[in-house]
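Step one of this worksheet: look at the structure below.
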Amino acid sequence: MDVTSVDDVLMCADPQQWRPGDSWLAGGTVLFSYGTDITRGAPTRLLDITGAGWTPLTWHPRPSGRAPSLEIAATCRIAELRALADEPFPGGVPRATLPGLDLIPPACDSFVASWKIWNVSTVGGNVATALPAGPMISLLSGWDATAVIFRPDGTERRTPVAELIVGPARTRLADGELIRSFLVPGDALAQTPAFRRISLTERGRSAALLIGRRTSATSLRLTVTASAFHPIVLDLSADPGWRRGRRTRRS
């Protein structure tokens, strides 16, 4: 669909160039399908970040015996992330030592989209659009990932993905702020995961999506998305005196 409000499109990934009426553009699968920016209204300029040259996936080594952490660029395509699950030695370590990567295939399948969408849609765009059924929101929240955000004043800030989403098409991104990447802790990737999803139709959008992760022999972390306006993260334990804690905030 044409975005009739747009007067100009710039190749730009510098928040200091942002001005009122701008919208960031990555894959644009939601923006072009709706014909407008559902998070901020009709844009007058699009700032295309796909030429920024950010490496899609970067592994960061950690001390001996610790799983490497993963950095996912906001411009990483869904197809690039999906391919990571099939690598025999991701981050230079045996695939079996990173069971958390098993969450990638079902999360990508939750788009209920063709390979053409996988090769255009980006991880950062799915998060910034903030739709409750956004599978990258589910995956990154389930991994306890942190978003690295560039600001118009030249600084950066970091916030958990689970706390970045406020509600449908609403985030805690201020005007001009741009998601640069997502940092996934190696410990989360080394823990045993579980994935469950339900839809109201056979091949429909997620109605409820749950990601569990065993954090110890007697505890797990459960992330609930799609059926909630924003991610809900619960720590559950079989230990005596267990308390359930909600880790996400409402606006």
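The values are calculated or read from the model by the stated rules, or taken from the named source; none is laboratory data. No experiment lies behind these values; they were computed from the predicted model shown. Cβ atoms come from the backbone with ideal geometry, glycine included; neighbour counts cover every protein chain shown.
Of the residues THR75, THR97, the single one that is surrounded by 17 or more Cβ atoms within 10 Å (Cβ to Cβ), among the polar types (S, T, N, Q) and at pLDDT 95 or above is THR75. Just one of the listed residues (ALA228, ALA207) is farther than 30 Å from ALA13 by Cα, at pLDDT below 95 and outside any loop (DSSP other than H, G, I, E, B), namely ALA207. Please work out if ALA162 is among the small types (Gly, Ala, Ser), part of a helix (DSSP H, G or I) and crowded, with 21+ Cβ neighbours inside 10 Å. The answer is yes for ALA162. Scanning the stretch 122-131 for residues that are surrounded by fewer than 24 Cβ atoms within 10 Å (Cβ to Cβ) and either of a type in the set (Lys, Arg) or in contact with a strand residue (DSSP E or B) (Cβ under 7 Å, 6 or more places away or on another chain) (or both) turns up just one, ALA130.
Listed conditions (1) without any contact (Cβ under 8 Å) to a residue 60 or more places away in the chain; (2) surrounded by fewer than 18 Cβ atoms within 10 Å (Cβ to Cβ); (3) over 29 Å from GLN17 (Cα atoms) are all met by CYS108, apart from (2). When LEU139, LEU131 are checked against the criterion of being within 13 Å of the chain's Cα centre (by Cα), touching a residue at least 40 places away in the same chain (Cβ under 8 Å) and closer than 30 Å to ASP2 by Cα, LEU131 stands alone in meeting it.
Here's a check for you: in the stretch 59-72, which residue that is touching a residue at least 40 places away in the same chain (Cβ under 8 Å) and surrounded by 15 or more Cβ atoms within 10 Å (Cβ to Cβ) is farthest from ASN119 (Cα to Cα)? So, considering only residues that are touching a residue at least 40 places away in the same chain (Cβ under 8 Å) and surrounded by 15 or more Cβ atoms within 10 Å (Cβ to Cβ), the one farthest from ASN119 (Cα to Cα) is ALA67. Out of GLY21, GLY51, GLY41, one residue alone is closer than 18 Å to ARG77 by Cβ and of a type outside the set (Val, Ile, Thr). It is GLY51.
Given the criteria aromatic (Phe, Trp, Tyr) and surrounded by fewer than 15 Cβ atoms within 10 Å (Cβ to Cβ), does TRP115 qualify? When the stated conditions are applied, TRP115 passes them. Residues in the stretch 167-189 that are part of a strand (DSSP E or B), more than 12 Å from the chain's Cα centre (by Cα) and either among the aromatic types (Phe, Trp, Tyr) or surrounded by 17 or more Cβ atoms within 10 Å (Cβ to Cβ) (or both): THR171, LEU178.
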